[in-house]
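Here the structure comes first, spelled out in structure tokens, and everything after it is commentary.
The values are calculated or read from the model by the stated rules, or taken from the named source; none is laboratory data. Just so it is clear, the model here is predicted, and its values are computed rather than measured. Every residue, glycine among them, receives a Cβ derived from its backbone with ideal geometry; neighbour counts consider all protein chains shown.
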Amino acid sequence: MNRILSVIVNNRMGVLNRITGLFLKRGINIQSITVGPTETEGLSRMTIVLNVDSERTTEQVIKQLHKQIDVLKVFDITEQATVTRELVLIRVAVTPQTRAEVTGLIEPFRASIIDVGRESLTIQATGRTEKIDALIALLRPYGIKELARTGITALTRDSDTVNEVARLNKANVVVL
């Protein structure tokens, strides 16, 4: 089962290596990891998606992360209301005949063409993992030459937002 951890760390050399080493020692696969600075200077946020076999393993990992010197906070946000996004860059093979078709195909995904070559288009898309997976599946028949995904970055939703979304869902209003 996949678990999403949000980890606040000091932005120091070697922190990422020590944290990934912790997972290596325990034989836990990291599905994705994104790291970047936070709103506080000197701190970074890691969003780590782990493939673990049990709730107990997740608890052990969190305890081990808390023991790391540069780890300040660890949150398992898997079951919380979150805003998640992923970035993908896809270089797709095109011919003069399929170029317009691919361009029309990516529009509903709010994806954009960021580079044009004679025989390919490079497409950028952001969104939930399901959206990215769907776009990739639609582009695969054209021939994906290269693909790079960032993995998810996530923040928990503000409690006011969660309450408003729940209210709108009860009123049968579609929330994007």
| query | Any idea which of 30, 8 is in contact with a Leu (Cβ under 7 Å, 6 or more places away or on another chain), in a strand (DSSP E or B), more than 24 Å from residue 159 (Cα to Cα) and not hydroxyl-bearing (Ser, Thr, Tyr)? | reply | 30
| query | If you check 137, 125, which single one turns out to be surrounded by 15 or more Cβ atoms within 10 Å (Cβ to Cβ), of a type in the set (Gly, Ala, Ser) and either in a helix (DSSP H, G or I) or modelled with pLDDT of 95 or more (or both)? | reply | 125
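Scan segment 50-69 for residues that are aliphatic (A, V, I, L, M), at pLDDT 90 or above and touching a helix residue (DSSP H, G or I) at 6+ places or on another chain (Cβ under 9 Å) and jot them down.
Scanning segment 50-69 gives 50, 61, 65, 69.
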| task | Output the number of residues of segment 102-120 satisfying the condition of being over 19 Å from residue 150 (Cα atoms) and part of a strand (DSSP E or B). | result | 2
| query | Across segment 104-114, what is the total count of residues that are out of contact with any strand residue (DSSP E or B) (no Cβ under 6 Å at 6 or more places or on another chain) and either loosely packed, with under 15 Cβ neighbours inside 10 Å or without any contact (Cβ under 8 Å) to a residue 12 or more places away in the chain (or both)? | reply | 4
| query | Pairs, please: C-beta under 8 Å, at least 6 apart or cross-chain, first residue in contact (Cβ under 8 Å) with a residue 24 or more places away in the chain and closer than 17 Å to residue 4 by Cβ and in segment 38-57, second part of a loop (DSSP other than H, G, I, E, B) and among the basic types (Lys, Arg)? | reply | 57/26
| request: Could you figure out which of (1) at pLDDT 60 or above; (2) not in a strand (DSSP E or B) isn't true of residue 146? | output: (2)
| Would you pick out the residues in segment 58-77 that are within 13 Å of residue 4 (Cα to Cα) and not aromatic (Phe, Trp, Tyr)? | 58, 59, 61, 62, 74, 76, 77
| task | For segment 59-68, state whether one or more residues are without any contact (Cβ under 8 Å) to a residue 60 or more places away in the chain and in contact with a Ser or Thr (Cβ under 9 Å, 6 or more places away or on another chain). | result | no
| said: Condition (residue is free of Cβ contacts under 8 Å to residues at least 24 places away in the same chain, surrounded by 14 or more Cβ atoms within 10 Å (Cβ to Cβ) and assigned to a helix (DSSP H, G or I)) applied to segment 89-99: is it met by at least one residue? | reply: yes
| remark: Checked 74, 61, 83 against criteria (surrounded by 14 or more Cβ atoms within 10 Å (Cβ to Cβ), within 19 Å of the chain's Cα centre (by Cα) and within 30 Å of residue 126 (Cβ to Cβ)); the one match is 74
